Amino acid sequence: GNANLFPVVAALELKYAKKVIPEGALAEMTRISHAIAEIVNLTPSTHQPYVGVSAFAHKAGLHASAIKVDPDLYQHIAPALVGNHMRMLVSDMAGRASIELKAKELGVDISGDPELVGRVVKRVKERELQGYTYEAADASFELLLREEAEGRTRRYFRIESRRAIVEDRPDGTHITEATVKLWAKGERIVATAEGNGPVNALDRALRVALERIYPQLARLELVDYKVRILAGKHGKHGTSSSTRVLISTTDGRQEWSTVSVAGNVIAASWGALEEAYAYGLLRAGVEPAE
């Protein structure tokens, strides 16, 4: 069959000590594999050996404890050799070691504060029971982590109300109009925008309202949107269920994901959208307005 050259080259170089590519080129492997996927318009496989984003991912509590002692106990090579990096996944199985390692990965050292670690573990488990998932939403987890560490929510604006209206036109087309009323830096702002759906319209209205105050938001772009229907109370499904929304956003240099859960898709989408903007402003070094 057609062999994938990335694991073949990595195995020859790292397992058999065969020099098949120029010196130093192996460390570019992950970047090149993602670049090729972009050129051919394919989503990179997260589980691809060596170069997949989950190739060096770790999750379970005891697993994370061993990684904290020595990463080589659960990794067959150092991820940096192929240009990849280790990832800690935070889930309902998260223990103290998982949280500490994930915080360190995000640049927040909480290892010297066991009480803080305990609070973060508790909140993660509570949120997971509500339907949240932080495995694919590092940005939401970092906001939660910083909220506990700093004792405040990073609030760049305060929403007064939001509204989305879907209009069906005689020619069979549909248009959605959204209006948001919010407060930012002591100023009340009302903004309206149209979009091809409620989420797109709300996103545009939010940009209209905030880009003058936070010009950094002009660089942000939504690149993915996922909806998952969760079982409702008493095991009910369908329209009585809760909804989990994952939104992926980029500033042109890095991509991040946020998650929110609510009783309807618009509310869940708004929660993920708010966190996406908050994280983008955090990355840009903007201090919260409140």
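Using 0.36 nm per residue and subtracting the Cα-Cα separation, the extra length available between THR46 and ASP109 on full extension is 19.9 nm.
Just the protein heavy atoms count here, and of the accessible area of the chain at 1.4 Å, carbon and sulfur take up 52 percent.
Extension gain for SER54-GLN254 works out to 70.3 nm (0.36 nm per residue, less the C-alpha to C-alpha distance). Axis of helix 96-105 versus longest Cα principal axis of the chain: the two differ by about 90°, to the nearest ten degrees. Protection proxy ranking of 192-204, 213-225, by the mean of other Cβ atoms within 10 Å over each peptide's residues and highest first, is 192-204, 213-225.
Here the chain is treated as an ellipsoid with the same Cα gyration tensor; its semi-axes, largest first and in whole Å, are 37, 25, 20. Based on protein heavy atoms only, the stretch 152-256 ends up with 60 Å² per residue of surface accessible to a 1.4 Å probe.
Projected label points at LYS18 and GLU211, each 7 Å from Cα along the beta carbon direction, are separated by 5.3 nanometres. Cross-link partners for LYS185 among the aspartates and glutamates, with Cα-Cα distance under 19 Å and sequence neighbours closer than 8 places in the same chain left out: GLU160, GLU211, GLU274, GLU275, GLU287, GLU290.
Sequence-ordered 3J(HN,Hα) estimates for the stretch 165-175 from the Karplus curve with 6.51, -1.76 and 1.60 and θ = phi - 60° stand at 10, 9, 10, 9, 9, x, 7, x, 7, 10, 9 Hz, glycine and proline given as x.
Across the options LEU206, SER161, PRO44, the greatest Cα extent toward the positive end of the charge dipole of the chain (unit charges at beta carbon of Lys, Arg, Asp, Glu) belongs to SER161.
Between TRP183 and GLN130, the modelled label-to-label distance comes to 2.2 nm, taking each label 7 Å out from Cα in the direction of the beta carbon. So for the chain: antiparallel DSSP bridges make up what percent, rounded to the nearest 5? Antiparallel: roughly 95 percent of the beta bridges in the chain. Sorting the segments 170-177, 143-150 by their mean number of nearby beta carbons within 10 angstrom, highest to lowest, gives 143-150, 170-177.
The values are calculated or read from the model by the stated rules, or taken from the named source; none is laboratory data. Quick caveat: nothing in here was measured; it's all calculated off a predicted structure. Cβ: placed from backbone, ideal geometry, glycine included. Neighbour counts: every protein chain shown. Note: accessible area is taken over every heavy atom of the protein model, side chains too, but ligands, DNA and RNA are not part of it. Shrake-Rupley method; radii C 1.70, N 1.55, O 1.52, S 1.80 Å.
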